[in-house]
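Accompanying notes for the structure given below.
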Amino acid sequence: MQPDFHPVISATGLFTPTESISNAELVGSFNAYVERHNAANAAAIAAGEVEALQPSSVEFIEKASGIKARYVMSKEPVLDPATMEPRIAERDDDEMSIMAEIGIKAARQALDRAGRDAADVDAVLCAASNMQRPYPAMAIEIQQGLGIDGFAFDMNVACSSATFGIQTAADYVRAGNARSVLVVSPEITSGHLNWRDRDSHFIFGDVATAVLVEDSSIAPTPHWDILGTKLKTVFSNNIRNNFGFLNRADPGSRDTPDKLFVQEGRKVFKEVVPMVSALILEEAERLRIDPAKLRRLWLHQANAGMNRLIAQRVLGHEADEDESPTVLDTYGNTSSAGSIIAFHLNSDDLEAGDEGLICSFGAGYSVGTVFVKRHA
Ligand code: CO8
C-alpha cells in the first residue's frame with residue numbers, strides 16, 4: 001500500500017535588491033520625460049497632430065495603489081528620462097544568469113531556515129511571470145547552482161505562478177514523486193514594465209522568493225501544514241504582454257507598447273475581486289474552515305484597495321494590518337512573489353494551530369489559494 005504523504009511548507013526565503021526607487025524619484029524622472037517629449041513635439045501638439053503627455057503624481061500613485069516605493073535591479077537607467085528601462089548587462093553563456101542568481105539567493109535562505117541540505121532536495125520549480133530565455137529552463141540552472149540531484153522545470157502563471165507552483169509541488173509530494181521541492185520565484189518585473197506609461201509606471205518592483213514544500217515526515221519544526229490548495233483560471237485580455245519569439249520588435253520602443261505589460265486596471269480591479277473572494281470562500285467551505293476565524297491573510301500585493309475589499313469579504317469585517325499585512329508600500333507589486341513576501345515577513349509570530357491563507361491573483365486571469373496551519 002502507498003504510504004500517506006502530507007505536504008507542508010518547511011520554510012521560505014527572500015532576496016531583496018539593494019536599490020529602491022521612491023515615488024518622488026519615479027515621478028521626477030517621469031515628469032522630466034513628459035516635459036522633454038512635449039517640448040520636442042510642441043509644434044505638432046499645437047497643431048493637434050500629437051497628444052501632449054500628462055504628468056504623473058505622487059499623490060495619485062499612493063492613493064490609487066498604496067505603493068510608496070519599489071526595489072529594482074537597475075535603478076539609474078530606469079530613472080534616466082532618456083532611457084527609462086533597466087540595463088542589465090548580458091552575460092556569457094558560461095556565467096550564471098541574473099534570474100538564476102537571485103533565485104538561488106532566495107532559495108539558499110529557505111534551505112538555511114529549514115536546516116535542509118540542498119543535496120536532499122528532489123525538484124526545483126522556477127515559477128515566475130517572465131523567464132529571461134526559453135531554454136535551458138531557469139529552474140535547471142538554479143538546480144545546478146544549488147547542487148540538487150533531481151529534476152527542474154519552469155512555469156509561468158503571471159502573478160499566480162508561486163501559488164500554482166506550491167500546489168504542483170504539494171501534488172508531487174502527495175503522489176510520492178518527490179519529498180522536497182523548491183518553488184523559486186525570481187521576478188525581474190522592471191524588464192517588462194513600460195516605465196513611460198503613466199497608468200502603470202509605478203506598479204512593479206523586483207525581488208525573488210523561494211518556498212520549500214516537503215513531506216511532513218522530513219519537515220523541520222515548526223512548519224506549516226498545507227490544508228488545501230485550489231487554482232482557477234479564466235481567460236482575459238485585461239492584463240497582457242505580447243512579447244514573444246514570433247515578434248522581434250524592440251520591446252522598449254514607443255511604437256510597440258503591447259510588447260510590455262499593459263492592463264485595463266479598472267476592469268481588473270472590478271472583475272478579479274469577486275472572483276478571488278468567491279474562490280476563497282468556496283474552498284474554505286470545502287475544507288470546513290470558518291473564513292472569519294482565519295488568523296491571517298497573505299494576499300497578492302497588487303493594490304491596497306483590492307486587498308482591503310477581498311479581506312473584508314473573506315473575514316466579514318475590515319481587516320487590520322495584523323490580519324492582512326501589506327508589503328506593497330515598500331516592494332510595490334512584485335507579481336507572483338508578493339503574497340510570499342507578505343508570508344515570509346509576517347508569519348513567525350503565529351502560534352501552533354493558527355490557520356491562514358496565502359492567495360495570489362492576476363493575469364490569465366488566475367487565482368491560487370493555499371490554506372495553511374501553523375504546526376509546532
Ligand atoms: N498620475 C496621475 N494621474 C494618473 C496617473 C498617474 N500616474 N495614472 C492615471 N492617472 C489618472 C487617469 O488619467 C484618470 O484620470 P481621469 O479620471 O481624468 O480619466 C485617473 O487618474 C484615474 O485613473 P484609473 O482609472 O486608471 O485609476 P484607478 O483608480 O483605477 O487606479 C490602478 C489605477 C492602480 C492601476 C488600479 O486600477 C489597479 O490597481 N487595478 C488592479 C491592477 C491589478 O491588480 N493588476 C494586476 C496586474 S499584476 C499581474 O497579473 C502580473 C502580470 C505580470 C507581471 C508584469 C510585470 C511588469
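The values are calculated or read from the model by the stated rules, or taken from the named source; none is laboratory data. These numbers come from a predicted model, not from an experiment. Methodologically, a virtual Cβ is constructed for each residue, glycine included, from the backbone with ideal geometry; neighbour enumeration extends over all protein chains shown. Just so you know, the surface numbers come from the protein's heavy atoms only, side chains and all, with ligands and any DNA or RNA stripped out. Shrake-Rupley method; radii C 1.70, N 1.55, O 1.52, S 1.80 Å.
Return yes or no: is Met84 more than 19 Å from the chain's Cα centre (by Cα) and on the phi > 0 side of the Ramachandran plot? Criteria met by Met84. Comparison of Leu309, Leu227 shows that the only residue that is open to solvent by 40 Å² or more (accessible area, probe 1.4 Å), over 26 Å from Gly103 (Cα atoms) and touching a strand residue (DSSP E or B) at 6+ places or on another chain (Cβ under 7 Å) is Leu227.
Out of all the residues in the stretch 346-359, is one or more within 15 Å of the ligand (Cβ to nearest atom), touching a residue at least 40 places away in the same chain (Cβ under 8 Å) and crowded, with 24+ Cβ neighbours inside 10 Å? For the stretch 346-359, residues within 15 Å of the ligand (Cβ to nearest atom), touching a residue at least 40 places away in the same chain (Cβ under 8 Å) and crowded, with 24+ Cβ neighbours inside 10 Å: present. May I ask you to verify whether Gly316 is away from the ligand (no atom under 15 Å from the Cβ) and more than 22 Å from Trp195 (Cβ to Cβ)? Judged against the criteria, Gly316 is a match.
Screening Arg286 against (1) farther than 22 Å from Thr233 by Cβ; (2) more than 22 Å from the chain's Cα centre (by Cα); (3) basic (Lys, Arg) leaves a single unmet condition, (1).
Against the conditions (1) over 30 Å from Gln167 (Cα atoms); (2) touching a residue at least 12 places away in the same chain (Cβ under 8 Å); (3) more than 16 Å from the ligand (Cβ to nearest atom), Ser97 satisfies every one except (1). Inspect the stretch 154-161 for any residue being on the phi > 0 side of the Ramachandran plot, in contact with a helix residue (DSSP H, G or I) (Cβ under 7 Å, 6 or more places away or on another chain) and open to solvent by less than 30 Å² (accessible area, probe 1.4 Å) and give the result as yes or no. Yes, there is a match, as at least one residue in the stretch 154-161 is on the phi > 0 side of the Ramachandran plot, in contact with a helix residue (DSSP H, G or I) (Cβ under 7 Å, 6 or more places away or on another chain) and open to solvent by less than 30 Å² (accessible area, probe 1.4 Å). Of all residues assigned to the stretch 186-196, at least one qualifies as being touching a residue at least 40 places away in the same chain (Cβ under 8 Å), under 18 Å from Arg70 (Cβ atoms) and among the β-branched types (Val, Ile, Thr). One residue is enough: does the stretch 214-235 have a residue meeting the conditions touching a Lys or Arg at 6+ places or on another chain (Cβ under 7 Å) and over 30 Å from Val121 (Cα atoms)? Scanning the stretch 214-235, I find no residue that is touching a Lys or Arg at 6+ places or on another chain (Cβ under 7 Å) and over 30 Å from Val121 (Cα atoms), so the answer is no. Selection over the stretch 113-149 of residues that are part of a helix (DSSP H, G or I) and either open to solvent by less than 50 Å² (accessible area, probe 1.4 Å) or without any contact (Cβ under 8 Å) to a residue 12 or more places away in the chain (or both) gives a count of 10.
Arg313 falls short of the stated requirement of being of a type outside the set (Gly, Ala, Ser) and on the phi > 0 side of the Ramachandran plot. The numbered conditions (1) under 30 Å from Ala169 (Cβ atoms); (2) of a type in the set (S, T, N, Q); (3) touching a strand residue (DSSP E or B) at 6+ places or on another chain (Cβ under 6 Å) are all true for Thr18 except (3). Only one of the numbered conditions (1) part of a helix (DSSP H, G or I); (2) away from the ligand (no atom under 15 Å from the Cβ); (3) open to solvent by less than 50 Å² (accessible area, probe 1.4 Å) is violated by Val184, and that is (1). Given the conditions (1) surrounded by fewer than 19 Cβ atoms within 10 Å (Cβ to Cβ); (2) in a helix (DSSP H, G or I), which single one is not true for Ala170? Result: Ala170 fails condition (1) only. Summed over the stretch 65-90, residues that are open to solvent by 40 Å² or more (accessible area, probe 1.4 Å) and touching a residue at least 60 places away in the same chain (Cβ under 8 Å) total 5. For the stretch 255-269, filtered to residues that are in a helix (DSSP H, G or I) and free of Cβ contacts under 8 Å to residues at least 24 places away in the same chain, the residue that is nearest to the ligand (Cβ to nearest atom) is Arg266. Of the helices (runs of 4 or more DSSP H) lying entirely inside the stretch 1-84, those carrying at least 2 residues that are within 12 Å of the ligand (Cβ to nearest atom) are 23-40, 58-65.
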